[in-house]
Amino acid sequence: MVSANRFMSCELQRHTELQPDCPVLVYCSKRCVEARSGTVFARVRLVNRTDRRIRTVCLQIEGRRADGSTAFSVGGLVLADCGARPHSIFGEDRMLALGRAEAELLRIRVEHVVFTDGTAWHDVPERPMTTAEVAHWRRCSCGMVNPPDAAVCALCGSVLSDDAAPTPAGLPTEPAVPAQPEAETCPVESAPMPDELSAPEAPAPQLYPMSAPVVREYYPVPMPYAEEEEPEAPLWLVILLSILGALALAAVICFFIYCLVYFM
């Protein structure tokens, strides 16, 4: 039986580092700790910046202490069957198990992205991550940052003006990426991905959503198992009720036998 207070939430973390050539943007994350076991889970909010539907994303999550040292590193975390539409937000309804190691911050890197049209993008581990501030990306009115040469916002489709405000220093920034990966697209057969890949779906039309979600704040997605349920009865109460029930049943049987013998 699962109760609503099974998980203890941690603070939201905005991610400032980005992979310049990745088709997926890691916007923010939130950690949850299971109250009973202490296991740490992560929920990640991602943005599909391309004109193609995404099926699977593989992540690497690194936990860092306050002094910047690495506490743990977990790779091969798969978000399967994402069904992420072009220019949309996805991934925040999944929970990724990170073990029981404690860390102050999470550093998330995208390892693989598989599209429904049968192509895949792969990360180059030697390629360093940068920040939106260093890349001089511009912020749209919806809150999403875009490369300097982008004409429209990769999330809401709004036209970016030449005087759009750049990402200011000292504020949380989000990694953004060119809409289409160039040299990293290859047949999915060569991608070292899990077995969840199935027949490719028909590619989605290259249209922007009618109404763009605002990404300035984090709105948690309710988990289907986090519903309020009645607490479990204490073990001693269950044993006591079982004993009383057995005694009551024995008394009924004895009374029935007594009546049977007396009236016969």
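Readers should treat all values here as calculations from the given coordinates under stated rules, not as data from a laboratory. These numbers were taken from a predicted model, which means no experiment stands behind them.
Things worth noting here:
- Evaluated at q = 0.16, 0.17, 0.22, 0.25 Å⁻¹: base-10 log I(q)/I(0), Debye formula over Cα of region 89-168: -0.93, -1.01, -1.18, -1.18
- Space enclosed by the convex hull of the alpha-carbon atoms of region 1-115, per residue, Å³: 110 Å³
- What the phi angles of region 143-153 give under the Karplus curve with 6.51, -1.76 and 1.60, with θ = phi - 60°, is a coupling list of x, 7, 8, 9, x, x, 8, 6, 8, 10, 5 Hz, glycine and proline written as x.
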